[in-house]
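Structure record follows, encoded as structure tokens.
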Amino acid sequence: MLNYRLIIIAVLSTFIFFLNQYAFDGYIQNKESLAKELQSTSFNLSEWGLSKTPPFKYRILFPLVVKGVSKIIPGGGSENQKFYWSYLILSWLFFIATSCMLYLLLLKILKSISLSFLGVLLHLTMAPVLFAYTLPVHTREDQLAFLFLLSAIYFLYDRKYAFYLIIICIGVFIRETLLLLPFLVLLFAKVSILQKLIFSALPLLIWLIFRWQAGTEPYDFWLGLNWNLSNPFQLVFFSFLSFSYLWPPFLFSFRNNQNQNDNIGLFSNKAVFLAVFMIFLTTFLFGIFNEIRLLYLIFPWVIISSLKHIAKHQDLWINFLKNKYVLITSILMILLVVIFAPFISVFSERALGKNQYGVPYELWVISFLIYLIPTIFSIIFYLYYQPQYKNDKLEAIKSK
């Protein structure tokens with residue numbers, strides 16, 4: 001049964017990946033768009049100019065893997081063609097592996113096949129995943145980083161600490177934001193003090209030594225902050241799209257004790273809050289909010305907290321979604337979006353600004369409106385529908 005579901009997840013992930021490339025203008029669909037993303041030329045993709053500038057030059061693992069695989073691909077094609085196929089295939093495989101690893105982690109924590117599968121479906125329908133390679137998301141090494149993050153948490157839960165250390169120490173060469181996990185381990189993990197120090201200090205020490213050896217170069221350290229301050233509307237717009245309809249159940253989940261089924265302490269309310277705060281703060285100061293993959297790094301905490309809260313009210317959710325008024329209203333709202341889609345381009349330019357970098361703002365506005373529909377119903381559920389039921393009934397549901 002486990003293998004059967006993993007196969008389904010792999011197929012769904014494959015569909016989403018290639019849907020992004022060929023329906024939502026993903027940048028790996030051809031050499032020209034990939035060259036633009038990597039700051040190289042379509043005749044020499046491996047030049048990868050972006051990987052030579054800070055802070056990208058410190059994220060060495062993904063470029064090394066892509067270039068290494070391109071050199072061992074058999075066949076008589078050109079080196080440039082092999083590099084293109086290497087980048088495409090590895091991005092696809094890491095995309096699949098992340099979804100499968102998320103399922104395995106959810107299954108270990110939640111002990112529920114249906115909830116775990118639902119969690120993967122939620123993950124695949126989130127905008128940072130569905131539009132992972134559409135501008136301005138700029139997903140490159142991020143799927144590999146997500147895979148390492150999920151794997152590290154999995155090994156922590158399995159008490160295979162050596163594997164955790166290997167994964168997280170290698171992970172710092174993918175993205176420096178993976179240092180979030182050692183920090184949370186230091187503060188919240190239910191292990192000895194010595195283990196906390198080793199698990200948190202060793203990855204940080206390796207990262208610092210590597211950065212020192214690689215050398216520093218001057219670059220606009222506050223580029224992200226200046227952009228965020230100059231584009232407050234886009235900040236809110238893309239922050240919403242990071243998790244859209246998962247924001248309500250996630251925020252309402254703080255009403256509950258998140259320690260249930262958490263044998264290492266990384267998903268307590270305090271740990272979840274700190275993870276969200278740290279990623280929000282670092283994205284605001286050093287990142288750009290319309291690159292929604294940055295905020296999406298907290299997806300294990302958001303999805304797990306949301307699933308726990310949804311499970312607590314699962315019978316109410318089923319009754320709510322079966323309500324004919326909810327179904328009819330949803331269909332009508334979707335039809336309105338479809339009808340007015342041709343007029344959205346004018347609104348998107350006025351709201352988000354003139355398109356200077358090839359960002360398909362019209363697609364993002366339409367997506368925003370579609371994601372807004374389940375978000376509205378989610379808010380209605382928590383504010384008006386669920387409060388009608390007494391706590392004793394909810395407790396009865398929880399005990400099933």
Residue farthest toward the positive end of the dipole of the chain, with Cβ of Lys/Arg at +1 and Asp/Glu at -1: which of I7, F286, V359?
-> I7
From the phi of every residue in region 90-104, what ³J(HN,Hα) in whole Hz does the Karplus formula 6.51 cos²θ - 1.76 cosθ + 1.60 yield, where θ is phi - 60° and glycine or proline is x?
-> 5, 4, 5, 5, 5, 4, 5, 4, 5, 4, 5, 5, 4, 4, 5
With a 1.4 Å probe and every protein chain kept in, tell me what percent of the accessible surface of the chain is carbon plus sulfur.
-> 69 percent
Of the listed links K57/K160; K52/K190; K31/K71; K111/K324, those spanning more than 28 angstrom between alpha carbons are K57/K160; K52/K190; K111/K324
Any idea what the dipole of the chain comes to, in debye rounded to 20, about its Cα centre with Lys/Arg Cβ at +1 and Asp/Glu Cβ at -1?
-> 1040 debye
How large is the accessible surface per residue of the chain, computed with a 1.4 Å probe and reported in Å² as a whole number?
-> 47 Å²
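Protein chains only, probe 1.4 Å: how do S192, S13 rank by accessible area, largest first? Walk me through the intermediate numbers first.
On the way: S192 55, S13 0 Å².
The ranking, largest first, comes out as S192, S13.
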From DSSP H assignment alone, runs of 4+ in the chain each adding -39500 (n - 2.57), the sum over residues rounded to the nearest 500 puts [θ] at 222 nm at -21500 deg cm²/dmol
Which value, in Å² and to the nearest 10, is the accessible area of H138 when all protein chains are kept and the probe is 1.4 Å?
-> 40 Å²
Positive end of the charge dipole of the chain (Lys, Arg +1 and Asp, Glu -1 on Cβ, about the Cα centre): tell me which of F368, M101, L61 has its Cα farthest that way.
-> M101
Ordering 167-175, 152-160 by per-residue average of other C-beta atoms within 10 angstrom, highest first, gives 167-175, 152-160
Please work out the C-alpha center-to-center distance from region 142-203 to region 271-296 and express it in whole Å.
-> 18 Å
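If you take every residue apart from Y103 with its C-beta less than 14 Å away from the C-beta of Y103, what net charge results, scoring Lys and Arg +1 and Asp and Glu -1?
It works out to a net charge of +3.
The values are calculated or read from the model by the stated rules, or taken from the named source; none is laboratory data. Just so it is clear, the model here is predicted, and its values are computed rather than measured. Using ideal geometry, Cβ is built from the backbone for each residue, glycine included, and neighbour counts are taken over all protein chains shown. Just so you know, the surface numbers come from the protein's heavy atoms only, side chains and all, with ligands and any DNA or RNA stripped out. Shrake-Rupley method; radii C 1.70, N 1.55, O 1.52, S 1.80 Å.
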